[in-house]
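Report on one structure; see the data block that follows.
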Amino acid sequence: MRRGGFLDQVDGFDNGFFRVSPREAAAMDPQQRLMLELGWEALEDAGIVPASLRGSRAGVFVGAIWDDYANLLYRGGVSAVGRHSVTGLHRGMIANRLSYVFGLHGPSLTVDGGQSSSLLAVHLACESLLRGESTVAFAGGVNLNLVPESAVGAARFGGLSPDGRCFTFDARANGYVRGEGGALVVLKPLDRALADGDPVYCVIRGGATNNDGASDGLTVPSAAAQEQVLRTACRRAGVSPAEVQYVELARDRHPAR
C-alpha cells in the first residue's frame, strides 16, 4: 500500500464564500466541501449564474462510496460528536449540501453503487431529465481516502496491485491503485442546451444499468449480465454495438454510455 493518487490540501475550504461557519466547516466531510467547490466551478464553466437556479427543479446526483472522515472523527469517542456531526458526516448530505447552498428544489441524492457510483449518478440524472422531474442536473462523484483502515481493507481483500500499477485488459493485471478526486458536470436536455446557447461537450444518447446477479462470487463479474446491459444501453441510444469505441468498466453495477 505504498502507492496511490492523492489530492493536496483537502482540508482547505473557503467557508466564508459558501456562508458556512468555521465550526460547521470543520465538522463537514471534505467530500461535501469539494462538491460545493466543484458545483460552483461547473456552473461557471456552463455560463450559468448560480442565483438563476434558486427555486428551480435543478437536481443533484452524486456518487460516493466511502465515509472515511466519519471514521476519523469517531475515533475521538462520544466527546468528539458535536452539533454539526450528523449533517457533516452523513454521505447523503454530500448532494443535499449543494441543493441547500444553491437553493435547488429538484431531486438530491448521494448514490452508493460500488465502483460504478458516479456513472450510476449520471444515469439517474439523465432519467430525471427525461421524465421532466429535473430541468437541469448536476451529476458526478467524489472520493477521498482519509484513513488507513479503508486502504488496508482493500489490500486484504486482494483488490490492490502490489506493484502500484494498473494493467487493464493485460496479462500483467494484478489489481488497481486507489485514488482521490471529484468531478461534476451540468446536464440539460439537448434542445434546451442549444436554445440557451450553452457549450456542449458531449451528448449522452442513452444508458442502462443492471447487476451481475448470482455469478461465481459476490464481486465476480458476469459476462452475460454485462453483455445484456451493454446491448440494452445501445438499443436505447439507437446505436449499433459496433459503433461503440469505448466502454467504462465497473464491478458492481454497469451503466454504459
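The values are calculated or read from the model by the stated rules, or taken from the named source; none is laboratory data. All figures in this text were calculated on a predicted structure; none of them were measured in a lab. Virtual Cβ from ideal backbone geometry, glycine too; neighbours counted across all protein chains shown. In case anyone asks, the SASA skips ligands and DNA or RNA and just uses the protein heavy atoms, side chains included. Shrake-Rupley method; radii C 1.70, N 1.55, O 1.52, S 1.80 Å.
For the condition within 23 Å of the chain's Cα centre (by Cα), open to solvent by 70 Å² or more (accessible area, probe 1.4 Å) and over 25 Å from residue 41 (Cβ atoms), residue 202 does not qualify.
Determine whether residue 79 is outside any strand (DSSP E or B) and under 30 Å from residue 232 (Cβ atoms).
Details: outside any strand (DSSP E or B): yes; under 30 Å from residue 232 (Cβ atoms): no.
No; evaluated as a whole, the condition is false for this residue.
Exactly one residue out of 150, 134 is assigned to a helix (DSSP H, G or I), open to solvent by less than 20 Å² (accessible area, probe 1.4 Å), over 22 Å from residue 18 (Cβ atoms) and touching a helix residue (DSSP H, G or I) at 6+ places or on another chain (Cβ under 8 Å): that is 150. Within the stretch 115-131, the set of residues being open to solvent by 20 Å² or more (accessible area, probe 1.4 Å) and either touching a Phe, Trp or Tyr at 6+ places or on another chain (Cβ under 6 Å) or assigned to a loop (DSSP other than H, G, I, E, B) (or both) comprises just one member, 124. Residues in the stretch 210-257 that are open to solvent by 70 Å² or more (accessible area, probe 1.4 Å), of a type in the set (S, T, N, Q) and not in a helix (DSSP H, G or I) were compared, and the one that is modelled with the highest pLDDT is 211.
Name the helices (runs of 4 or more DSSP H) wholly inside the stretch 7-75 in which the number of residues that are under 21 Å from residue 186 (Cα atoms) and open to solvent by less than 40 Å² (accessible area, probe 1.4 Å) is 1 or more.
The helices (runs of 4 or more DSSP H) meeting that bar are 30-46.
Here residue 76 passes the criteria (1) within 17 Å of the chain's Cα centre (by Cα); (2) over 21 Å from residue 105 (Cα atoms) except the one numbered (1).
Among residues that are touching a helix residue (DSSP H, G or I) at 6+ places or on another chain (Cβ under 6 Å), assigned to a strand (DSSP E or B), surrounded by 14 or more Cβ atoms within 10 Å (Cβ to Cβ) and not hydroxyl-bearing (Ser, Thr, Tyr), residue 184 is included. Being open to solvent by 70 Å² or more (accessible area, probe 1.4 Å) and modelled with pLDDT of 90 or more is a description that applies to residue 194. Condition check: of a type in the set (A, V, I, L, M, F, W, C) and more than 24 Å from residue 117 (Cα to Cα). Does residue 78 satisfy that? Yes; evaluated as a whole, the condition is true for this residue. Hey, any hits in the stretch 37-48 for a residue that's at pLDDT 95 or above, over 18 Å from residue 13 (Cβ atoms) and of a type in the set (Gly, Ala, Ser)? No.
Taking the criterion of being within 23 Å of residue 142 (Cα to Cα) and open to solvent by 20 Å² or more (accessible area, probe 1.4 Å), the residues of the stretch 76-91 that qualify are 84, 86, 87, 90, 91. For the residues 112, 163, the requirement of being surrounded by fewer than 21 Cβ atoms within 10 Å (Cβ to Cβ) and within 20 Å of residue 6 (Cα to Cα) singles out 163. Checked against the criterion of being under 17 Å from the mean Cα position of the chain (by Cα), surrounded by 17 or more Cβ atoms within 10 Å (Cβ to Cβ) and at pLDDT below 95, the candidates 141, 207 yield just one match: 207.
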